[in-house]
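The values are calculated or read from the model by the stated rules, or taken from the named source; none is laboratory data. Since the structure is predicted, the reported quantities are computational estimates derived from the model, not experimental observations. Because the Cβ atoms are built from the backbone with ideal geometry, glycine has one as well, and the counts that use them run over all protein chains shown.
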Amino acid sequence: MIAGLPGTGLGGLFYLAAALVMILRGKNARTSWQTLARMSAITFGILAALWLTYWVLGELLARSANLADASAILAPGQSPGVFQLPSIFIATLPVQLASIGLLLLGVELIHLWLKSQQGKKKPESIVAPQHPAVPDAPAFAPIERVWAPRDDASVTRK
Amino acid sequence: MSKMLEANSLTVIVPAYNEQANIADTLHSLQAQTTPPATIIVVDDCSTDETGALARARGVTVIRPPKNTGSKAGAQTFALSAVRTPLVMALDADTILAPDAIEKILTAFDTPDVAAACGLVLPRYVRTIWERGRYVEYLLAFSFYKPIQNYFEKPMIASGCFSAYRTDALREVGGWSARTLAEDMDLTWTLYGRGYRVRFVADAVCYPIEPSSLPLMRKQLRRWSHGFAQNVQLHWRTVLDVPMLRWFVAVAFVDATFSSLYYLLLLPLLAVAFAAPLLLLLYAIDVTMILVPVLYQAASRGETLRALASVPSFLPLRLVNSFYFLEAVWSELLRGRSLRVYEKGH
């Protein structure tokens, strides 16, 4: 199981965008119409929830005098007290989208750079292997086998 | 693939160490499948309790390595040489299956290049705060993230608790490796590197026992977080060569890192700096968005109230997860100190 954080930071926005692409592209061999319909309902539900959240957040910020400075940072040009939903949304969404864009661009650039480096190497054989070799393990020490004391009847490994 | 062929084509490996409390339920769920497997092999990893005897009493094959293999990967790979069927499944000894789980998961192997398939995971018990948090996490991940990964043909990981594999492909890569603490992620990424496909089957459902207390959750999160970091370190070149997978992994890694910093450092600092406790509400800013996929999945299972009652538990679980993820990144990638201790505890 993944050790990440299923939340709605960059990852959440990335998956929201991916879901929209999925909906626009339509059914494929691995995804039925039912799955697509379910994903559409969830995706548009999340978008509605996003809108609601920003609206509530805007209301809360507008009522908090201590947050005047914060609101000025988040939405330059807007005076405190009129800190409305679109201000926060418009202020933060491009930043998040740009962050995702930069991240994906960075990944692609590293990939291209690695490919170019591999291209410079002289091939050792004229017969290409069918599959790339399994990468060697880094210099990890062997795993130490330690079973924890059974402090629970349901202790197990997963 | 006909149903009869499917029934004869699958061996299930159940690695078990001191699992006398759970092994009978697991084997019963296997034997009661609509498509029962041809063979069930329990690897009694030198248990000191009655695990082996209980398994034998259920009429399954029980094998015992000469000495404790020390990890799930080791036990599973030990059994791989005894597999005679084209497909093999790994099932945790504390995990039970929905009655049609095997029938459903086998539908994924419709082309020869599909080497692995995984199903939907949901906690068997939803009682403590940690089990409830995990319940919400799974509902979210398996109803929203995983179907998207599957659509783009790159499920990020075939879950170790319940996944099926093509035996030849598994042997080709040497079985489950114990070189990292997340053998399932290691195997999934290795298979992608070899050009194989991996599928997610949402209808194939399994129910593992999740950590019920903080000490148990800590062990599991440490293993998962360090395993993730180890696999990124081990496979980054391979992952970069696989379209979409490189995006999924990069987003997961960066999001987990920066979200953790946001939760544990930035948010408390901002609240103090602006003397605005209201800012702490941002810890729960995404609750409404999380609710949508969670309630959708829960409603389809008739578990709406259980999901609603469990959502608050997701927030402390996420904070704990943040801590251990940062600790793993710091330790594995920045300090170069790799966790090599496989602590049992889910």
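Scan the range B:236-262 residue by residue and report those that are closer than 18 Å to B:G193 by Cβ and among the aliphatic types (A, V, I, L, M).
Answer for the range B:236-262, where residues must be closer than 18 Å to B:G193 by Cβ and among the aliphatic types (A, V, I, L, M): B:V239, B:L240, B:V242, B:M244, B:L245, B:V249, B:A250, B:A252.
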The range B:44-123: helices (runs of 4 or more DSSP H) wholly inside it with 3 or more residues that are touching a helix residue (DSSP H, G or I) at 6+ places or on another chain (Cβ under 6 Å), over 25 Å from B:D203 (Cα atoms) and touching a residue at least 12 places away in the same chain (Cβ under 8 Å) are B:51-57
Pair list, Cβ < 7 Å and 6+ apart or interchain, from the range B:13-25 residues that are without any contact (Cβ under 8 Å) to a residue 40 or more places away in the chain and within 10 Å of chain A (Cβ to nearest Cβ) to residues that are surrounded by 24 or more Cβ atoms within 10 Å (Cβ to Cβ) and among the hydroxyl-bearing types (S, T, Y): B:N18/B:T51; B:Q20/B:T51
Can you tell me how many residues in the range B:184-197 are more than 30 Å from B:A24 (Cα to Cα) and of a type outside the set (F, W, Y)? 6
For the range B:197-211, how many residues meet the condition of being farther than 17 Å from B:S143 by Cα and surrounded by fewer than 21 Cβ atoms within 10 Å (Cβ to Cβ)? 1
Restricting attention to the range A:31-38, does a residue exist that is facing chain B (nearest Cβ under 7 Å), of a type in the set (A, V, I, L, M) and either under 16 Å from B:Q297 (Cβ atoms) or surrounded by 15 or more Cβ atoms within 10 Å (Cβ to Cβ) (or both)? no
Going residue by residue through the range B:162-177, is there one that turns out to be touching a strand residue (DSSP E or B) at 6+ places or on another chain (Cβ under 6 Å) and closer than 30 Å to B:V292 by Cβ? yes
Quick one: which of B:L305, B:L317, B:L281, B:L326 is within 8 Å of another protein chain (Cβ to nearest Cβ) and either surrounded by fewer than 19 Cβ atoms within 10 Å (Cβ to Cβ) or assigned to a helix (DSSP H, G or I) (or both)? B:L281
If you go through the range B:47-73, how many residues are facing another protein chain (nearest Cβ under 10 Å) and within 24 Å of the chain's Cα centre (by Cα)? 6
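Tell me which residues, restricted to the range B:74-103, are within 14 Å of chain A (Cβ to nearest Cβ) and surrounded by fewer than 22 Cβ atoms within 10 Å (Cβ to Cβ).
Correct list: B:F78 only.
I want to confirm something. Restricting to the range B:209-243 and keeping residues that are assigned to a helix (DSSP H, G or I) and β-branched (V, I, T), which single residue is nearest to the other protein chains (Cβ to nearest Cβ)?
Restricting to residues being assigned to a helix (DSSP H, G or I) and β-branched (V, I, T), the top hit is B:T238.
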Which members of the range B:130-154 meet the condition of being outside any helix (DSSP H, G or I) and within 15 Å of A:A17 (Cα to Cα)? B:F152
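Okay, residues lined up against (1) surrounded by 20 or more Cβ atoms within 10 Å (Cβ to Cβ); (2) more than 20 Å from the chain's Cα centre (by Cα); (3) of a type in the set (G, A, S); (4) farther than 30 Å from B:G195 by Cβ:
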| residue | (1), (2), (3), (4) |
| --- | --- |
| B:R222 | yes, no, no, yes |
| B:F228 | yes, no, no, no |
| B:L234 | yes, no, no, no |
| B:L264 | no, yes, no, yes |
| B:A276 | no, yes, yes, yes |
Note: among B:V287, B:V254, B:V272, B:V311, just one is of a type in the set (A, V, I, L, M, F, W, C) and away from chain A (no Cβ under 12 Å), namely B:V311
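Here is a check on your reading of the model: is B:V251 of a type outside the set (S, T, Y), over 25 Å from A:Q34 (Cβ atoms) and outside any helix (DSSP H, G or I)?
No, not satisfied.
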Can you find even one residue in the range A:21-28 that is hydrophobic (A, V, I, L, M, F, W, C), at pLDDT 75 or above and farther than 30 Å from B:S225 by Cβ? yes
Here are some residues: B:R246, B:R340. Which one is modelled with pLDDT of 95 or more and within 10 Å of chain A (Cβ to nearest Cβ)? B:R246
Could you go through the range B:274-297 and let me know if any residue there is in the same structural domain as B:L334 (by TED's automatic domain parsing), touching a residue at least 24 places away in the same chain (Cβ under 8 Å) and closer than 18 Å to B:S331 by Cα. no
Of all residues in the range B:10-25, count the ones that are of a type in the set (A, V, I, L, M, F, W, C) and assigned to a strand (DSSP E or B). 5
Taking the condition among the aliphatic types (A, V, I, L, M), crowded, with 23+ Cβ neighbours inside 10 Å and more than 17 Å from B:L10 (Cβ to Cβ), does B:A117 pass? no
